Structure formats: structure tokens, C-alpha cells
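Structure in C-alpha cells, see below.
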Amino acid sequence: MEQPTSSMKIKSYFASSVEQAIQEARQELGTDAMLITSRRSSPETRSLGAYEVVFGLQATTARPRASVPASDLSGELQKLRAQLQEIKSTLQGTRGSESLSSEAEELFEELVSNDLARNIAQETVSAAVRLREQLSRDQPSSPIPLRAYAAELVSKQLLFAPPFHRPPSDKPGPDAAQVVVFAGPPGAGKTTTLIKIAIRECLAQRQSVRILSVDPYRVAAHEKLRSFTAIVGVGFTALNSLQEFSAAVDESRNKSVVLVDTPGYSPSEIDGAKEIASCLERLANKQIHLVLPASMKRQDLMRTIRDYAAFKPDYLLFTKLDETGSQGAILSAALEAGKPLSFFANGQNIPEDIEPAHARVLLASVFRPEVAEAVSAA
């Protein structure tokens, strides 16, 4: 969808995630293109992809540049001033209320201070202002805090994984088992998280399970899982090559669930992950959880999500929520990546410190607990 202008080409890109849409735009337009906005697709364009990103690129022509009359320049400046005033009016509310402007500004600063990305904070506050203004015209009543509208808008953008456990397959066969893979950087808590899920979501649900640990580079990396499986009596196989791994998956297809622990790759090692990512892509009936520590900085979270794009994760799983006071970073990462959230782990206690991901814990940290409770109960 291109909208040519006299000086800039504007184009929308649609994809199943914001990250994928941005990658497509960069591939076509190059690094000089400017990201104008990102948003969920409208009902009319949802068939093209769940998310839309809009990029602008300065137009270039082979014709020599003609001189621009001063009158034309004056007209362009007037248009620019009008556009700036329109943006300002949006943030202040169409009625120009000083109290509304102050409330919006305070909310924006609060969200940013809670580590929500500035672009997300700005878009959220602007949308909340417009929504409240519209509703107040249609149904005049006592004013509702802008924060409540903003929290509701963010809540509707969050995606969550379906329940982990499932009934036994009605069609036993070579692909009957659900293969659940845990990938992520070193120290994210993949192994501990796998153990918690094995107990709470598999053994507690009376599902047969086998645990595989694949690490072609560090032979000793399997020992933690080996000790755990010996205690609880779960089948376990340590694998030191991808050939062994593929064979072990095939041999475990008679189980309900196969849990797979993978090596952690730092940014300098991520190129070495391509082989195992390619091997995982060939697996049938799988789901891949990208395990990320909530204590990681927002920029590092987004970089890690990009680094692990080769794994094609289905879900984001956040650990160490107990080690940070604000979940603005993981809220930003979830919204920007456009990936469903599966679990939140908030401590080292096994198996207690893990729960299915939900909006309330994120909203409570960024928008205040009472607002999160109200939105969750709605």
C-alpha cells in the first residue's frame, strides 16, 4: 500500500509480527527508510497480517532539482505548522483542556519511568486520550482516569499462549508427542524452568514425559537435568550431537510430551546456533519457548529476540520476575515482538515459582495494581 507524496514514499508492511514486518521493510527499502509507526492491523486489512508497520523513504529522481519559489516554501511551512498543531491537539484532547494535557503528560512520563518504550508510551497515551474524548461525547458521565483507558488498550494488545497441557492424542503415531523446546541466552533459567514445567504441567497432569538435553559443545551441561530426572523418575537422555538428538526425538514419540533443553548462546556465539535452529525447524508437532530474564535491559531483550529469530519461537517465556521491580521492559518486548507469552517464573523454588503468563502482573507494575485489577476483572 503505497501513498506517494512529493517528497517521501510512504508504504505499509503487514506480517504476523511487528519484527517480521520491519525486516521485510528493511529488505525492500534499505536502512535509510524511517519507521513512522507500528500498530495492529485494522479489521479491513487483518487478512494481510496481524500487524502493520508504516515506513517512509525520501523519494529520489533523476531530474535536476528545480528552485522552489518562496511562496511555495511559505505554504509548506504553514502545512507543517498545522500538522504539528494537530499532533499537539491530539495529545491535549480535542477540547484543549489544560487538565487533560497535564494528565496525559504525567501519564507518559510515568510509563517511561517504568521502562515502557517511549514510542509505545506515546502511542498508548495518545490513543487513550482519543478514546476517552470519544466516549465522553457519546456517554457523558463521571470522568475515568486516563490511566485506566491506557491500561485497557495495552491489555487488548497482549497475546497469551493456550493452556500447556492437553488431552492424550486420539491418533497415536510417529508425531503424537508434543515436543516442547526451551531456547534462550545463557543464565536465562531454561533448565530450572523446564524442571518446573515437567512437574507442574506434565507429571501433575499425569502426562507421560521424557526429557532431552542437547549440547554439542559442553558435555557437562547435562548434569543438572540428569540429577533431577533420577530423583523424580523421569526418562532422560543426554545428547552431544544433533544426529543423536533427531534419533532421540523419534524414539520418544510414544510419550505425551518431550521436553528439550538447548544450549545458551551469547551475542558473540549466536552464529553457532544456526545448525541447531535448522534441526529444530524440521521437527513436527513442536512449540518453541524463548526463555528471557525479566531483569535484562529493554534494549538487550529486543536484541536477544532478534538474535534468536532463527529459532522461530512460538512464545516468549520470562523468568526472574522477582529480580526486577518493573515489568515495563518485558511489556515493551512483548508488544514490539508481537509474540504470545507462555509462562512467568518468579523465583528458584521448584516447582512453585512459575505460573501461566497473564496481563495482571504486567499491568500492575506499569499502570498500578488497582488499575490492573479493574482491567483484569472487566
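For D32 and N285, what is the calculated FRET efficiency with R₀ set at 51 Å and r taken between the beta-carbons, to the nearest 0.05?
For R0 = 51 Å, the calculated efficiency reads 0.75.
Which pairs, out of K274/K339; K9/K156; K9/K297; K11/K297; K156/K297, put more than 29 Å between their alpha-carbon atoms? Present the calculation step by step, with values, prior to reporting the outcome.
Values: K274/K339 21 Å; K9/K156 31 Å; K9/K297 34 Å; K11/K297 31 Å; K156/K297 24 Å.
In this structure, K9/K156; K9/K297; K11/K297 lie more than 29 Å apart at Cα.
Quick one: how many Å² of Y315 are accessible to a 1.4 Å probe, rounded to 10?
Number for this one is 40 Å².
Let me ask something else. Project the alpha carbons of the stretch 243-378 onto their principal axes and report the range along each, largest first, in whole Å.
Answer, in whole Å and largest first: 52, 35, 27 Å.
Can you give the FRET efficiency to the nearest 0.05 for L242 and E373, using r as the Cβ-Cβ distance and R₀ = 41 Å? Working shown, then result.
Details: r = 47 Å, r/R0 = 1.15.
Plugging the Cβ-Cβ distance into 1/(1 + (r/R0)^6) gives 0.30.
What distance in nm separates the two pseudo spin-label positions at L135 and R206, each 7 Å out from Cα along the beta-carbon direction?
4.5
So how far apart, in nm, are the two label points at S113 and S266 if each is 7 Å from Cα heading toward Cβ?
Simple spin-label model gives 3.6 nm for this pair.
Calculate, in nm to one decimal, what D314 and L57 gain on full extension: separation in residues at 0.36 nm each, minus their alpha carbon distance.
Going from the current span to full extension adds 89.3 nm.
Next question. Using a simple spin-label model with points 7 Å from Cα along the Cα→Cβ vector, what separation in nm is obtained for A127 and E105?
So the label points at A127 and E105 sit 2.4 nm apart.
The values are calculated or read from the model by the stated rules, or taken from the named source; none is laboratory data. It should be emphasised that the depicted structure is a prediction, and the values quoted were computed from it without experimental measurement. Positions of Cβ are backbone-derived with ideal geometry, glycine not excepted, and every protein chain shown enters the neighbour counts. Only protein heavy atoms, including side chains, enter the accessible area calculation; ligands, DNA and RNA are left aside. Shrake-Rupley method; radii C 1.70, N 1.55, O 1.52, S 1.80 Å.
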